[in-house]
Amino acid sequence: MKTFDPQTTLELEAAAFRRLVTHLRSRTDVQNIDMMNLAGFCRNCLSNWLADAARDKGLELSKDDAREIIYGMPYKDWQAKYQTEASPQQQAAFQDSKPHDH
């Protein structure tokens, strides 16, 4: 496995994260429930992980602020513009994909 010095690794990971966020912002057609059903995470998960990382560094990043970083706009605005009602099939798939220990 190729390894890099810690700073280069950090920079590469940050670049990949920024590219993922840009990609997710451009794919407003992909609903969070679809991401959850297929990949087990969604934009909200990513924003929670960002807030967790901030907290681990002793920084304060609210849920709303973290979501705005990921969505590129206030979450309520994104919901109003792009979120659709989950179909019964999507909801059933979500229930089936949830870990049973939660």
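Values in this text are rule-based calculations from the coordinates and carry no lab data. This structure is a prediction, so every number in the text was calculated from the model and none was measured. Reconstructed Cβ throughout: ideal geometry from the backbone, glycine too, with neighbour counts over all protein chains shown.
Among the GluC sites (Glu not before Pro) within the stretch 52-102, which fall in a DSSP loop and have no more than 10 other Cβ atoms within 10 Å of their own Cβ?
Details: sites: Glu60, Glu68, Glu85; in loops: Glu60, Glu85.
Sites meeting the loop and neighbour criteria: Glu60, Glu85.
Would you list, by chain and number, the lysines whose Cα falls below 25 Å from the Cα of Lys81, excluding same-chain residues fewer than 8 positions away?
Leaving aside lysines fewer than 8 places away in the same chain, those within reach of Lys81 are Lys63.
Can you put Met36, Met73 in order of Cβ neighbours within 10 angstrom, beginning with the fewest?
Working: Met36 19, Met73 14.
Arranged by neighbour count, lowest to highest, Met36, Met73 become Met73, Met36.
Report, ordered by chain and residue number, the aspartates and glutamates lying within cross-link reach of Lys76, taken as a straight Cα distance under 17 Å and ignoring same-chain residues fewer than 8 apart.
Asp29, Asp64, Asp65, Glu68, Glu85
Given C-alpha coordinates of the chain, what is the ratio Rg to Rh with the Kirkwood estimate of Rh? Can you show the working numbers first?
Working: Rg = 15.8 Å, Rh = 15.4 Å.
So for the chain, dividing Rg by the Kirkwood Rh gives 1.02.
Restricting everything to alpha-carbon atoms, can you work out Rg to Rh for the stretch 39-80 with a Kirkwood hydrodynamic radius? Walk me through the numbers on the way to the answer.
Numbers: Rg = 10.4 Å, Rh = 10.4 Å.
With Rg and the Kirkwood Rh in hand, the quotient comes to 1.00.
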